[in-house]
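Asks: What follows is a structure written as structure tokens; I'll ask about it next.
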Amino acid sequence: MSDPIIATERLDPNTDGVPKTVHLLASGELVAIPTETVYGLGADASDPVAVAKIFAAKERPRFNPLIAHLPDTTNALREGIFNEAAMRLASTFWPGPLTLVVPAARTCRVCDLARAGLASVALRVPAHDLARDLLGRFERPLAAPSANRSGRISPTSADHVLADLDGRIAAVLDGGECKVGVESTVIACLDEVPRLLRPGGIARADLAEILGRDLAPPEPASRPIGPGLLASHYAPRARVRLEAMRVATGEAALLFGQFEPAGLGGAVASENLSETGDLQEAAARLFSALRRLDGSGASSIAICPIPDDGIGEAINDRLKRAAAPR
Ligand code: TXA
Ligand code: MG
């Protein structure tokens, strides 16, 4: 089946980009929007026809549960049932790169398709002025997975979105580059034990401090089948090789800090995520650096070691998925 070609508009938030975005979303169209983590492919979460377009545009192999975005905590409380841990996390980290999976409330407007038929719902209040402005005007939850084709690298700029989805979505609201650069941390608060479903923009240690306990791993039986949790994901075209201490001739290299791998001189291309060894900066640059190295034509990308502290856990999680057998 061939998809209809749509002229994808690049909307300017300094003119009428935000109201146009809201109008398109209210008409059931897809618009990619900036958030502090990555660009999201937005659709009205209450409209199953609009949500179905997300899966078609992304070529997602199956219907996975999506995150519903809200302008503030008050609006989020209408969609889900928050226990004490969820309340504490929301009041500390929202707006911000945190997603809470909670039981859906009776008043929840997020449709079954966006929730993949689950009794729970994933909610997030992004810390991005444009995103919050449009969510406030839209007055409905917005389903928004990362705005890339399924299995590809997540987008941190409007150009990245267009590289994957031009001709498949109505518009992209161009809000410049994303500051955090990796997706939100996903935590399930479905019983007394908060569980870390996906490491992300907020470090595990900061969450544990607020909760007064360490985060539990997901229950194996209830482990959701979200693509962000699949072994192979975020895959560049090139092969990805982790913990590289040397670079082979013809390889591209992803560097961090002052470490210089042997054979760097023979690399086709190289990118340093942060010369000063700053993990926040590294996260913000991760996906665009991977895209550039992938575009260099190298058949393999050598990834030098990156510390696992703080947001480093999310960086290494994404790199492991990029390196997994396809
Ligand atoms: O930073 C982000 O979170 C970005 C931006 C655009 O907000 N969004 C994002 O959405 O990464 P998405 O759809 O790619 O990731 C959704 C994640 C998946 O890992 C999915 O399995 C999990 O959230 N999820 C959603 N609903 C769930 C549920 N009811 N139970 C368990 N996991 C759920
Ligand atoms: Mg994604």
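Asks: Does segment 145-166 include one or more residues that are over 30 Å from ARG239 (Cβ atoms) and either without any contact (Cβ under 8 Å) to a residue 40 or more places away in the chain or charged (D, E, K, R) (or both)?
Replies: No, that holds for no residue.
Asks: Out of the residues in segment 110-123 that are in a loop (DSSP other than H, G, I, E, B) and within 16 Å of ligand 2 (Cβ to nearest atom), state the one that is farthest from ASP47 (Cα to Cα).
Replies: Just the residues of segment 110-123 that are in a loop (DSSP other than H, G, I, E, B), to begin with: 110-119.
Filter once more, so that each one left must be within 16 Å of ligand 2 (Cβ to nearest atom): 114, 116.
Values: ALA114: 9, ALA116: 13 Å.
The residue in question is ALA116.
Asks: Now a separate question. I need every pair where a residue in segment 236-262 that is within 24 Å of THR276 (Cβ to Cβ) and charged (D, E, K, R) has its Cβ under 9 Å from the Cβ of a residue that is in a loop (DSSP other than H, G, I, E, B) and at pLDDT 95 or above, sequence separation at least 6 or different chains.
Replies: Matching pairs, first to second residue: GLU243/CYS304; GLU243/PRO305; ARG246/PRO261; ARG246/GLY263; GLU260/CYS304.
Asks: Shifting gears a bit: Filter segment 301-325 down to the residues that are of a type outside the set (Gly, Ala, Ser), assigned to a loop (DSSP other than H, G, I, E, B) and either out of contact with any Pro (no Cβ under 9 Å at 6 or more places or on another chain) or within 17 Å of PRO199 (Cα to Cα) (or both) and list them by number. Quick ask: steps written out before the conclusion?
Replies: Start the filter on segment 301-325 by keeping residues that are of a type outside the set (Gly, Ala, Ser), which leaves 301, 303-309, 311, 313, 315-321, 325.
Right, trim to assigned to a loop (DSSP other than H, G, I, E, B) and you get 304-309, 311, 325.
Listed by number, the residues that qualify are PRO305, ILE306, PRO307, ASP308, ASP309, ILE311, PRO325.
Asks: If GLY176 satisfies all but one of (1) more than 13 Å from ligand 1 (Cβ to nearest atom); (2) more than 27 Å from HIS23 (Cβ to Cβ); (3) in a loop (DSSP other than H, G, I, E, B); (4) not aliphatic (A, V, I, L, M), what's the number of the condition it fails?
Replies: (2)
Asks: Got a sec? Which of THR249, THR276 is out of contact with any Ser or Thr (no Cβ under 8 Å at 6 or more places or on another chain), assigned to a loop (DSSP other than H, G, I, E, B), modelled with pLDDT of 95 or more and of a type in the set (S, T, N, Q)?
Replies: On the way: THR249 fails: modelled with pLDDT of 95 or more.
Being out of contact with any Ser or Thr (no Cβ under 8 Å at 6 or more places or on another chain), assigned to a loop (DSSP other than H, G, I, E, B), modelled with pLDDT of 95 or more and of a type in the set (S, T, N, Q) holds for just one of THR249, THR276, which is THR276.
Asks: While we're here: For PHE55, are the conditions met, namely being at pLDDT below 95, within 16 Å of ligand 2 (Cβ to nearest atom) and not in a loop (DSSP other than H, G, I, E, B)?
Replies: Details: at pLDDT below 95: yes; within 16 Å of ligand 2 (Cβ to nearest atom): yes; not in a loop (DSSP other than H, G, I, E, B): yes.
In short, yes.
Asks: Does segment 68-97 hold any residues that are without any contact (Cβ under 8 Å) to a residue 60 or more places away in the chain, part of a helix (DSSP H, G or I) and β-branched (Val, Ile, Thr), and which are they?
Replies: Correct list: THR73, THR74.
Asks: Would it be correct to say that VAL186 is touching a Lys or Arg at 6+ places or on another chain (Cβ under 7 Å), part of a loop (DSSP other than H, G, I, E, B), modelled with pLDDT of 95 or more and within 16 Å of ligand 2 (Cβ to nearest atom)? Outline the logic, then answer.
Replies: Values: touching a Lys or Arg at 6+ places or on another chain (Cβ under 7 Å): yes; part of a loop (DSSP other than H, G, I, E, B): no; modelled with pLDDT of 95 or more: yes; within 16 Å of ligand 2 (Cβ to nearest atom): yes.
Spelling it out, it is not the case that VAL186 is touching a Lys or Arg at 6+ places or on another chain (Cβ under 7 Å), part of a loop (DSSP other than H, G, I, E, B), modelled with pLDDT of 95 or more and within 16 Å of ligand 2 (Cβ to nearest atom).
Residues are listed down the side, and each one gets a yes or a no for (1) within 14 Å of ligand 1 (Cβ to nearest atom); (2) crowded, with 23+ Cβ neighbours inside 10 Å; (3) polar (S, T, N, Q):
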residue: VAL38; (1), (2), (3): yes, yes, no
residue: ASP44; (1), (2), (3): no, yes, no
residue: VAL49; (1), (2), (3): no, no, no
residue: ASN64; (1), (2), (3): yes, no, yes
residue: LEU77; (1), (2), (3): no, no, no
residue: ASN83; (1), (2), (3): no, no, yes
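Asks: Does segment 189-221 hold any residues that are part of a strand (DSSP E or B) and over 17 Å from VAL121 (Cα atoms), and which are they?
Replies: So in segment 189-221, the residues part of a strand (DSSP E or B) come out as 195-198, 216.
The one that is part of a strand (DSSP E or B) and over 17 Å from VAL121 (Cα atoms): ALA216.
Asks: Restricting attention to segment 98-109, does a residue exist that is in a loop (DSSP other than H, G, I, E, B), in contact (Cβ under 8 Å) with a residue 60 or more places away in the chain and of a type in the set (Gly, Ala, Ser)? Give the steps one after another, and end with the answer.
Replies: Going residue by residue through segment 98-109, those that are in a loop (DSSP other than H, G, I, E, B) are 105-109.
Then keep just the ones that are in contact (Cβ under 8 Å) with a residue 60 or more places away in the chain; that gives 109.
Adding the requirement that they be of a type in the set (Gly, Ala, Ser) leaves none.
No, segment 98-109 has no match at all.
Asks: For segment 274-293, does any single residue satisfy the condition of being free of Cβ contacts under 8 Å to residues at least 24 places away in the same chain and more than 27 Å from LEU207 (Cβ to Cβ)?
Replies: Yes - at least one qualifying residue is present in segment 274-293.
Asks: Let me ask something else. Select from segment 179-189 the residues that are out of contact with any helix residue (DSSP H, G or I) (no Cβ under 9 Å at 6 or more places or on another chain) and more than 8 Å from ligand 1 (Cβ to nearest atom) and list them in ascending order. Break it down into steps so the answer makes sense when it comes.
Replies: In the first step, residues of segment 179-189 are kept if they are out of contact with any helix residue (DSSP H, G or I) (no Cβ under 9 Å at 6 or more places or on another chain); the result is 184, 188.
Of everything in segment 179-189, nothing turns out to be out of contact with any helix residue (DSSP H, G or I) (no Cβ under 9 Å at 6 or more places or on another chain) and more than 8 Å from ligand 1 (Cβ to nearest atom).
Asks: Please go through segment 124-159 and pick out each residue that is of a type in the set (A, V, I, L, M) and away from ligand 2 (no atom under 16 Å from the Cβ). Spell out the reasoning first.
Replies: Initial filter on segment 124-159 (of a type in the set (A, V, I, L, M)): 125, 127, 130-131, 134-135, 142-144, 147, 153, 158.
The answer is VAL125, ALA127, LEU130, ALA131, LEU134, LEU135, ALA158.
Asks: Please go through (1) surrounded by fewer than 16 Cβ atoms within 10 Å (Cβ to Cβ); (2) in contact with a helix residue (DSSP H, G or I) (Cβ under 8 Å, 6 or more places away or on another chain); (3) within 30 Å of GLY17 (Cβ to Cβ); (4) not polar (S, T, N, Q) for ASP129 and return the number of the only condition it doesn't satisfy.
Replies: In the conditions (1) surrounded by fewer than 16 Cβ atoms within 10 Å (Cβ to Cβ); (2) in contact with a helix residue (DSSP H, G or I) (Cβ under 8 Å, 6 or more places away or on another chain); (3) within 30 Å of GLY17 (Cβ to Cβ); (4) not polar (S, T, N, Q), ASP129 misses (2) alone.
The values are calculated or read from the model by the stated rules, or taken from the named source; none is laboratory data. Nothing here was measured: the structure is a model prediction, and the numbers come from that model. We place every Cβ from the backbone using ideal geometry, glycine too, and count neighbours over all the protein chains shown.
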